[in-house]
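Okay, structure first, notes after.
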Amino acid sequence: PERLNAHCEELYELIASLNNILNLYMPAGQEAEHRFAMGELPDEVLEICQRLAKLTEMLRGLAELFLNDLSEKTGSHDIVRLHRLILQMNRALGMFEAQSKLWRLASLAQSSGAPVTKWATREEREGQLHLWFHCVGIRVSDQLERLLWRSIPHIIVTSATLRSLNSFSRLQEMSGLKEKAGDRFVALDSP
């Protein structure tokens, strides 16, 4: 318990430090947004994000261990209480996974060869200001257009998982391809 408490205290301290730093980039006391140019974070913020990635990944692993252990105890404990605990651990695991992914992505300069967009927002909800940190990989459709689609007359892209929801719309959105521009999309049955 002492190690877990120290772990959580460090996590809270890092988040408080990050909040203080991010608030310096926005006008005080109001809703605001700050985007980091080319996803480049100040060194101090990057170090905090890297440490948060490690700490949340450790919590994710611990939650996963607890969940696996609880799942093995179904025959020896009160099933109703056990299922309630399993549901709570599943929620905790999902939260830790999301946090771990956020901080891991925030620690990266690039994802799939493109910069990772990073920004902070301050929003008012129920009369209180909340600070949010966001990051997402940048779509590469513009680079594909410039480097590939314009210079090569024909390209065949194959994958068993390209098509989702019986539509190529996600692929078109991410790649910059369009049926209206003469690009063709054909779904074939598996052999």
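Only the coordinates and a few stated rules stand behind these numbers; no lab work does. Here the structure is a predicted model, which is why all the values come from computation and not from measurement. Cβ: placed from backbone, ideal geometry, glycine included. Neighbour counts: every protein chain shown.
General observations
- Reachable aspartates and glutamates, given that their alpha-carbon falls under 16 Å from the alpha-carbon of K180 and they are not under 8 places away in the same chain: E145
- For a straight C-alpha distance cut-off of 16 angstrom, the aspartates and glutamates reachable from K118 (same-chain residues fewer than eight places away being disregarded) are E33, E40, D43, E44, E47.
- Sorted by Cβ density within 10 Å, fewest first, the residues T56, T117: T117, T56
- Only the Cβ atoms of Lys and Arg (+1) and of Asp and Glu (-1) were treated as charged; on that basis the dipole of segment 2-81 about its Cα centre amounts to roughly 220 debye.
- Estimated inter-spin distance, I156 and N19, nm [label 7 Å along Cα→Cβ]: 5.6 nm
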